[in-house]
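The values are calculated or read from the model by the stated rules, or taken from the named source; none is laboratory data. Not measured: the values here are computed from a predicted model. Don't worry about glycine lacking a Cβ; one is built from the backbone with ideal geometry, like all the others, and counts go over all protein chains shown. For the accessible areas, the whole protein counts, side chains as well, though only heavy atoms, and no ligand, DNA or RNA atoms are used. Shrake-Rupley method; radii C 1.70, N 1.55, O 1.52, S 1.80 Å.
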Amino acid sequence: MKSLIIAAILLLIPGCNSGKSIKKTADMVFERAVAQFTALDARLSPEQMPITFDNGQVKDGKLNDWTSGFFPGSLWLVYEYTGNPDILEMAKRQTAKLDGIIEMHTHHDIGFQVNSSFGNGYRLTGNPAYLEMMKAGAEKLAGRFSPVVGCTRSWNPGKRWNFPVIIDNMMNLEILAEVSHLTGEEKYMDIARSHANTTLKNHFRPDASTWHVVAYDEETGAVEKKQTSQGFSDESTWSRGESWALYGFTMMYRETKDPAYLEQARKVAEFIIPMLPKDGVPEWDFNAPGTKHAFDMNAVGAPKASKFKWRPGDPVLRDSSAGAIMASAFVELSTFTPGKDGKRYLKCAERILRTLASPEYLAAEGENGGFLLKHGVTNLHSWSGVDIPLTYADYYFLEALLRYLRVAE
Ligand code: GLY
C-alpha cells in the first residue's frame, strides 16, 4: 500500500512519472500532434508558416523567416512515427510552399529551413527534387563563408555588428555536412569544419558556457566583440544558445568523427547538467535574475533599453524550446559516450522529455493555437514572444522522442 501511494505521488510530480515507458508517452504525444497540426494546417495561407500563438492569436511568419522549415519538418516527423497518409500529404504540401526560398534568401538560417523540411522529406521518401533543394541550400549558405574569418556570416551587417556569428549558426552546418556526404562535394564539409573550429576557439568561456554573438573584423578575421542579443547580459549564458552548442558539436562529431567536437559537446553537457532545475527544463537564461546562478539586473552588458523588468518573487520563465533541443542532443550524445556518462546523458534527456510531456508543458487537444508545447521564450528583452509555444520547440521535442525510442527502447 505504502509503495502504491509513493508511486502515485511520483506520477504527479513532473519529471518523475518514470513508471510509464517513453513509448507510451510518444504514442500519446504523436496522437496529439496529429490533431493539433491538422488544425494548424487548415488555417495556413500559401504564403505563411506558423511561428507561435500569443495573446489568443496564431502568429504566422513569412516563408523566408528562419522558422519556416519547422512546421513541414514536424509533419515529416509525425508521418515517420505514425505512417498517417493524411499527414504525409500535409508534409508534402507544406514543404512545397518553400520551393522558392533559395531565391528569396538573405540570412544564414537556410540550413535550418531546408534541412528540417526538404532534408527530412528526402530521408523519408528519397524524392530527388528534395535533394536538389538541399544542394541549392548548401550552395547558398556557402556563399556566406569568409575564408578570412573562417565562418559563415550569421546576420547581415547592421548597426551593432559588421560580421556577427551567433552560436545558433552551428545548427546550419548540418546541411553542409549532409550535402557533402550525399554528393561527395568536399567544399561544404571544409566550410563546416572551419566554422566549427573557429566557433570552438572563440565562442566558449573556459567553463564551456557560450557567448551568444561573436563579431569579427571582416578584413582581418580578428574578434571585435563578444556580446548577447537574446540572452540576459553579455556575460550570461542564454540557455537556447547553449543548447544549440550542445546539439551543434554533437552533430559535427557525428558527421566528421573528429574527437575535438565530441570533447567540446561533452564539456557543454557538463556545464548544462548542474544548471538545470529539478524537472530538467531550463530557465530562459542560466544567469537570469531569480535563477541559481543569477546575475543582478545591472550586470555588465545587460541591454539598457530592455523591456525585461524582474522583481524578487517574480517567476523565472522557462524555455521549453531550449529543453527540447537539449533533450534531442543529449540522446545523440549518449550514443557516442559509452558507460556511465552516456547513461547520465540519456537519463537527463528522459527527465526533460517526461516533463515536456506533462500537462504543465504539453497542450491539451484544441488549445495552444494548434502547437504542442507551451512555455517558450523568443526574446525576453524585446518582449517579443514570452511564455508562448514555438514551432521549433515542437520540432525538436518530436525529434527527441524519436531519437530516444531508437536508442533506449
Ligand atoms: N536562432 C534564433 C533563436 O534561437 O532564437
Is it the case that the stretch 87-99 has a residue that's more than 20 Å from the chain's Cα centre (by Cα), modelled with pLDDT under 95 and either of a type in the set (D, E) or not in a helix (DSSP H, G or I) (or both)? no
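Quick grid of which residues meet (1) in contact with a Pro (Cβ under 9 Å, 6 or more places away or on another chain); (2) at pLDDT 95 or above:
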| position | (1), (2) |
| --- | --- |
| W244 | no, yes |
| G248 | no, yes |
| T256 | no, yes |
| E270 | no, yes |
| D285 | no, yes |
| H293 | no, no |
| R311 | yes, no |
| D319 | yes, yes |
Name the single residue that is farthest from L390 (Cα to Cα) among those in the stretch 229-259 being assigned to a loop (DSSP other than H, G, I, E, B) and within 16 Å of the ligand (Cβ to nearest atom). S236
Which one of the conditions (1) within 22 Å of L398 (Cα to Cα); (2) free of Cβ contacts under 8 Å to residues at least 60 places away in the same chain; (3) in a helix (DSSP H, G or I); (4) charged (D, E, K, R) does E139 fail to meet, given that it meets all the rest? (1)
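Please find, within the stretch 372-404, the residue that is surrounded by the fewest Cβ atoms within 10 Å (Cβ to Cβ) out of those that are away from the ligand (no atom under 16 Å from the Cβ) and of a type in the set (A, V, I, L, M, F, W, C).
Ranking the candidates gives L402 first.
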Qualifying positions in the stretch 144-165 - within 17 Å of N115 (Cβ to Cβ) and either open to solvent by less than 20 Å² (accessible area, probe 1.4 Å) or among the small types (G, A, S) (or both): T152, S154
Can you confirm whether M251 is under 17 Å from S209 (Cα atoms) and either open to solvent by less than 30 Å² (accessible area, probe 1.4 Å) or of a type in the set (K, R) (or both)? no
Quick check: is even one residue across the stretch 177-200 within 24 Å of N120 (Cα to Cα), more than 14 Å from the ligand (Cβ to nearest atom) and part of a loop (DSSP other than H, G, I, E, B)? yes
Candidate set from the stretch 202-223 (those that are farther than 19 Å from W155 by Cβ and within 22 Å of the chain's Cα centre (by Cα)); member that is surrounded by the fewest Cβ atoms within 10 Å (Cβ to Cβ): D207
So which of K278, K226, K267 ends up being open to solvent by 10 Å² or more (accessible area, probe 1.4 Å), more than 16 Å from the ligand (Cβ to nearest atom) and either assigned to a strand (DSSP E or B) or without any contact (Cβ under 8 Å) to a residue 24 or more places away in the chain (or both)? K226
Which numbered condition A329 fails, given (1) more than 16 Å from the ligand (Cβ to nearest atom); (2) within 22 Å of I273 (Cβ to Cβ): (1)
Within the stretch 62-71, restricting attention to residues that are within 15 Å of the ligand (Cβ to nearest atom) and open to solvent by 10 Å² or more (accessible area, probe 1.4 Å), which residue is farthest from the chain's Cα centre (by Cα)? N64
Within 16 Å of the ligand (Cβ to nearest atom), at pLDDT 95 or above and either buried (at least 19 other Cβ atoms within 10 Å of the Cβ) or closer than 30 Å to S154 by Cα (or both): is that true of S74 in this structure? no
Which one of these is in contact with a strand residue (DSSP E or B) (Cβ under 7 Å, 6 or more places away or on another chain), outside any strand (DSSP E or B) and under 20 Å from T237 (Cα atoms): A322, A393? A393
Which residue pairs have Cβ atoms under 9 Å apart, sit 6 or more places apart or on different chains, and have a first residue in the stretch 371-395 that is without any contact (Cβ under 8 Å) to a residue 40 or more places away in the chain and a second that is among the basic types (K, R) and within 10 Å of the ligand (Cβ to nearest atom)? none
